[in-house]
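Reviewing the structure listed below.
Derivation of every value follows stated rules applied to the coordinates shown; laboratory data play no part. Predicted, not measured: the structure shown is a model, and the values here were computed from it. Neighbour counts are summed over all protein chains in view; Cβ atoms, including those assigned to glycine, are modelled from backbone coordinates with ideal geometry.
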Amino acid sequence: MKITVAGAGYVGLVTCACLAELGHYVTCIDIQKEKIEMLQNGRSPIYEPGLEPLLQKHLQNGTLQFTTDSHQAYSNPEIIYIAVGTPEKEDGTVDLKYIHVITHTIAHYIKNDVLICTKSTVPVGTNDLIKEIIYSRIPSNIKAEVVATPEFLREGSAVFDFFHGDRIVIGTDNPEAASIMEQIYLPLKIPIITTDIRSAEMIKYASNAFLATKISFINEIANICEKVGANIEEVAYGIGQDKRIGPNFLKAGIGFGGSCFPKDTKALVQLAGDVEHSFELLESVIKVNNHQQSLPILKAKQKIGSLHNKKVALLGLSFKPDTDDVRESASIKIAKELIQEGAIVRAYDPIAIPNAKKVLGDTIEYAYDIRFALHEAELAIIATDWEHIKHVPLDIFHTFMEDPIIIDGRNCYPLREIQKYPVTYMSIGRANVHKSG
Ligand code: UGA
């Protein structure tokens, strides 16, 4: 089929590369010229494992093209995916300005019957608004249908997730539109859930809110474990074996970040508020998460007092491993708090330093090697569980730090292992390891 994807962000790019891989002819449009030029030259503007080779493959075989030209992109596709950003406004509500602009643009340029599928995460009711705008602006001889197709990809494994997701959700009241969408996704052999538009929109928010709740729940259990002498890893394993609970998203740490959970949880609280429902559970989830992100600073101050002029190695800047995304990253928050406390920070990350620099500038020093970050540091804070960090030889801490104090916000090392080294080690929901000898 001829498909256009509007928006070359992480959702848009993964969608267009993977749809081309499924055999469709895909045009990806974005208003950012430099981004499109980069993509036309086969380079991905984001770090996402497996994405760049897929983009290059389909650029070369002619099934994928990139453009900034609306006429070229919208005049005759059979399907248009909307994958533009829906950022957060200052009050926590969703900013739909890009959705409005793209909807008006699509309405202006379409010349043939088309299915418009919304991949962007949008509050319940937004697809009805998109419908209204489209229907009020297109000529009566063109048939356009709007379908909600929420996205469940995770950054860092988005290409894998596209082909191996748990479900596809299609929200439409039109059986013909549902059948076309089912044809697109049938080759993936992933269960397809067809529902009405508003339920599809809600499935997206409820999924992210539930996963965020699981994380804040396990983090609260971790905080209690620390006080009662239990071990969160053992507890999480023990409860995760119950099939009704499941083992995933029970990893305690310094909370959730990224472009989705923090934004979507706030948006759902707002959405509930709009219909006069106070979503107290989710409000607590957000509150717990904010506290969790500050834990390394609290633990550091408890251990060494003032952080003024203390040399701190911050390991990991991205909000999770395998991505260069630092949006709402706990690490960025920690870096800012450390600076406020007067600490001297040197941060390591294998991929995310360029993006972190855009936020933190020269308020901290950057290290492209873990050893350089640790060199002469008095405190090391682990903020992201990159494989590079998890598998580092543990003797580097005492080799490069004089009297190592490690605060591990992601429980990267087994306690049995770390106990073999002359370090003070504090993690989340587990006993502290005190330097021996
Ligand atoms: C999340 C969802 O998992 C995707 O299904 C969804 O499509 C996406 O948001 C979105 O709405 O676009 P993502 O933000 O890429 O995906 O990352 P996750 O792997 O879900 O992790 C989110 C945060 O939770 C990270 O900061 C991670 O470190 C943290 N986390 C995750 C934990 O602290 N513990 C866990 O057990 C799992």
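A few comments on the model shown:
- Rounded to the nearest 10 degrees, the inclination of helix 51-60 to the longest alpha-carbon principal axis of the chain is 30 degrees.
- Summary value for the chain: 11 percent relative contact order, contacts being C-alpha pairs under 8 angstrom separated by 6+ residues.
- With a threshold of 32 Å on the Cα-Cα distance, the over-threshold entries among 251/310; 143/214; 251/301; 227/390 are 143/214.
- Seen against the Cα atoms of the chain and their longest principal axis, helix 97-109 is set at about 20 degrees.
- Segment residue 75-residue 303, length gained on full extension (0.36 nm per residue, minus Cα span): 75.7 nm
- Segment 1-154: radius of gyration over Cα atoms, expressed as a fraction of 2.2 N^0.38 Å: 1.00
- Net charge over other residues, Cβ less than 13 angstrom from the Cβ of residue 298 (K, R count +1; D, E count -1): +1
- Computed E for residue 93/residue 395 - FRET, C-beta separation, R0 45 angstrom, nearest 0.05: 0.35
- Of 411, 215, 400, farthest towards positive along the dipole that unit charges on Lys, Arg, Asp, Glu beta carbons give the chain: 400
- Electrostatic bookkeeping for residue 384 treats Lys and Arg as +1 and Asp and Glu as -1; over the other residues with beta carbon under 9 Å from its beta carbon, the sum is 0.
- Whole-angstrom gap from segment 159-201 to segment 6-24, using each part's C-alpha centre: 16
- From the alpha carbon centroid of segment 64-92 to that of segment 366-432 is 43 Å.
- Counting only DSSP beta bridges whose two residues both lie in the chain, roughly 5 percent are antiparallel.
- Loop-located trypsin sites (Lys or Arg not before Pro) across segment 230-316 with a Cβ neighbour count of 15 or fewer within 10 Å are 243, 244, with loop assigned by DSSP.
- Summary of packing: across the peptides 128-134, 328-334, 214-220, the per-residue average of other C-beta atoms within 10 Å ranks them, highest first, as 328-334, 214-220, 128-134.
- Segment 29-61: trypsin sites (Lys or Arg not before Pro) in DSSP coil with no more than 12 other Cβ atoms inside 10 Å: 43
- Oblate is the label for segment 294-426, because a/c, from the alpha-carbon gyration tensor with a ≥ b ≥ c as root eigenvalues, is 1.5 or above and a/b does not exceed b/c.
- Unit charges at the beta carbon, dipole of the chain: most positive-side option, 31, 296, 363: 296
- Mean residue ellipticity (222 nm) of the chain, computed from DSSP H runs ≥ 4 via -39,500 (n - 2.57), nearest 500: -13500 deg cm²/dmol
- Over segment 204-291, volume per residue of the alpha carbon convex hull, in Å³: 99
- Listed by Cβ neighbour count within 10 Å, with the fewest neighbours leading, 202, 181 appear as 202, 181.
- Within the chain, the percentage of alpha carbon pairs spaced more than 33 angstrom apart rounds to 40%.
- Rounded to 10°, Cα long-axis angle of helix 126-137 versus longest principal axis of the chain: 30
- Rounded to the nearest 20 debye, the dipole size of segment 2-195 about its Cα centre is 380 debye, using +1 on the Cβ of Lys and Arg and -1 on the Cβ of Asp and Glu.
- Extending 7 Å from Cα along the Cβ direction at residue 283 and again at residue 1 yields two label points whose distance is 4.3 nm.
- Under the combined filter of DSSP loop state and at most 14 neighbouring Cβ atoms within 10 Å, segment 73-118 retains these trypsin sites (Lys or Arg not before Pro): 89, 111.
- Orphan Cys of the chain, criterion: no other Cys C-beta under 4.7 Å: 18, 117, 225, 260, 412
- Computed extension gain for residue 113 through residue 34, at 0.36 nm per residue and net of the alpha carbon distance, reaches 25.3 nm.
- Lys, Arg +1 and Asp, Glu -1 on Cβ, resulting dipole of segment 303-368 about Cα centre, debye, nearest 20: 220
- Measuring r between the beta carbons of residue 357 and residue 43 and using R0 = 25 Å, the FRET efficiency lands at 0.80.
- Relative intensity, log₁₀ I(q)/I(0), of segment 102-182 from a Debye sum that treats every alpha carbon as a point, q = 0.12, 0.17, 0.25, 0.26 Å⁻¹: -0.40, -0.74, -1.22, -1.27
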